[in-house]
Structure formats: C-alpha cells, structure tokens
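Scroll down for the structure; my scribbles are underneath it.
The values are calculated or read from the model by the stated rules, or taken from the named source; none is laboratory data. Please read all numbers here as calculations on a predicted model, not as lab measurements. Cβ placement follows ideal geometry from the backbone for every residue including glycine, while neighbour counts extend to all protein chains displayed. Protein only, heavy atoms only, side chains kept; ligands, DNA and RNA dropped before computing areas. Shrake-Rupley method; radii C 1.70, N 1.55, O 1.52, S 1.80 Å.
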Amino acid sequence: MLILLFSFAILIVVYFISPLSKVDIVSVRGTKEVADQEIIDESGIKSGGNLWEIFFERNKISGEVVSELPQVKSMKIVLDGLNDYTLEIQEYETVAYLVKDNKYYNILENGKIVNESRKVSIGNPPIFKEFEENKALKEMIAQYQSLNENIQNSISEVQYTPSEVDDYLIKLYMNDGNEVIASIPSFAEKMNYYPDMVKKVGDQKGTINIEVGAYFSPFKYSEDKKEESNGTSDENGIELVPEEAQ
C-alpha cells in the first residue's frame, strides 16, 4: 500500500512538471465576425499556461470575455483531448449597419452599436442613419426582425427622422427606388402590405406614407431630362388600401 501511494504521488508530480499539464493548442469555434485572435487575447489563455488553473477559472474567464467584447453573446471553454482548449463562441447577430462620417458600425440584435468601425458594410443588412443606442433603436430592430425575409431584403436604408409630433418617425429608401415614411411602432404591421401597395402604383416611383393610413405621392420629374428631383407631387397621389384590409 505504501509503495502504491508513493508511486501515485510520484506520478502526480511527474504529470504536473510534464507538458501534459500545460495548455498545448487554443482554438476558437463559432465566430463569424469577431476575430479568433481577439477572443484568444481577451481570454488570456496561452499555450504553455496552467491547464487546471484555466479549467477551474473557466466560468470567470468566459464572463470577462463577454463583458469586454459586445459582439460575443456567450463563450464556453471546452477541454479537448488531453491538454487542448476550444473556445466555443455564440455571437450577437448583426441586423444593420450604422453609417456615420463614411464609417460603418455594426448594430447588434440586442440594440448595441459596436464601437469599432469598418470602411464598408458586409452582406445584406440595411444601412441605418441618425440612430443612437436608445429605445427607438431597440424598437426598430424588433420591428425589422418581424418582417419576412423578402421585405427585409427590399430595404436599402432606414433614416431616423423624429418630428415634434412623432418621436418614432423614420424614412426608408427601398431597393426598387421608392421611399417610405413610417412610424416605428406600426412599421412592421403596415410594411407587410408593401408588395400590394407597389402593385397598385405600377411603374411609378414616389413616396409611400404609411405613418397614418397609406398614401402614395409620385416623385416630381424635370420636363427636359426626366430626372428625379427633390420632393413629391400630390397631383397624382393614390390612396392605398391593401386588399387584406378592404
């Protein structure tokens, strides 16, 4: 028994001075936008670090990474094999980009705006203008996410244009050339009828106002160059009532 205990103690000592008790490889899984190296650096986990010290502090390390990197929703530290660690990441989805001074900032699904900017936007998310981290932005994100994918993809830009009578007023620039004026709280409900409204106005381009009711005003055009000018004309306006609402 004494020999066994002594041998076991020797094995423990040998293990803790051997490379097996040190971290070998650190890898990251699940990232889409956050750089893997940024996560590794923030975690402080390095090759050669104490394997078991990191294991028992894994929850604390994960919490620190989440608090420091706003795009990281959660992180789980998983021991792979004998002495490798994998950092499993879940990110907040980027739902839009805030453009400011020709720079683009990720707007996350939780309403946070990432401080780090980029020169161009990536993918299909729309461009938001004049928004800040506030109640209006969170409500706008919720409304946008409740739209079906086809309507989401038809939106190019959303500009926050609050007025004295409506703190939630917005103006949308659509990929088909139309513009839409709406109020954020009722935006998704009314915007679902957008395809029907476009059918009613045909090939005309203009502004669809769905803030109260639904009304279309065609753009004004110059007689010479037929180029679109600022403003709309109410002369040929159309009151839009979706078929489902009739």
* From the list 120, 114, which residue is out of contact with any His (no Cβ under 7 Å at 6 or more places or on another chain) and either within 30 Å of residue 52 (Cα to Cα) or open to solvent by less than 20 Å² (accessible area, probe 1.4 Å) (or both)? -> 114
* For residue 43, are the conditions met, namely being of a type in the set (Ser, Thr, Tyr) and open to solvent by 50 Å² or more (accessible area, probe 1.4 Å)? -> no
* Asked: Which is among the polar types (S, T, N, Q), part of a loop (DSSP other than H, G, I, E, B), closer than 30 Å to residue 133 by Cβ and within 30 Å of the chain's Cα centre (by Cα), of 110, 106?
  -> 110
* **Residues of segment 132-141 satisfying the condition of being under 14 Å from the mean Cα position of the chain (by Cα), of a type outside the set (Val, Ile, Thr) and buried (at least 16 other Cβ atoms within 10 Å of the Cβ)** => 137, 140
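Residue by residue, here is whether (1) among the charged types (D, E, K, R); (2) surrounded by 15 or more Cβ atoms within 10 Å (Cβ to Cβ) holds:
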| residue | (1), (2) |
| --- | --- |
| 166 | yes, yes |
| 170 | no, yes |
| 179 | yes, yes |
| 183 | no, yes |
| 194 | no, yes |
| 197 | no, yes |
| 200 | yes, yes |
| 210 | no, yes |
| 220 | yes, no |
* Asked: So which of 156, 121 ends up being of a type in the set (S, T, N, Q), closer than 20 Å to residue 102 by Cβ and under 14 Å from the mean Cα position of the chain (by Cα)?
  -> 121
* Quickly run through segment 29-53 and pick out the residues that are hydrophobic (A, V, I, L, M, F, W, C) and within 15 Å of residue 81 (Cα to Cα). => 51, 52
* Just checking, how many residues over segment 48-68 are modelled with pLDDT of 95 or more and open to solvent by less than 60 Å² (accessible area, probe 1.4 Å)? -> 5
* Out of (1) part of a strand (DSSP E or B); (2) among the aliphatic types (A, V, I, L, M); (3) in contact with a Leu (Cβ under 8 Å, 6 or more places away or on another chain); (4) open to solvent by 20 Å² or more (accessible area, probe 1.4 Å), what's the single condition that is false for residue 99? -> (3)
* Structure fact -> Within segment 154-172, residues within 14 Å of residue 144 (Cβ to Cβ) and not in a loop (DSSP other than H, G, I, E, B) come out as 155, 156, 157, 158, 159, 160, 170, 172
* So which of 45, 10, 77 is touching a strand residue (DSSP E or B) at 6+ places or on another chain (Cβ under 8 Å) and either outside any strand (DSSP E or B) or modelled with pLDDT under 90 (or both)? -> 45
* To do: Give the residues of segment 48-74 that are in a loop (DSSP other than H, G, I, E, B), touching a residue at least 12 places away in the same chain (Cβ under 8 Å) and more than 11 Å from residue 23 (Cβ to Cβ), sorted by residue number.
  => 69, 70, 71
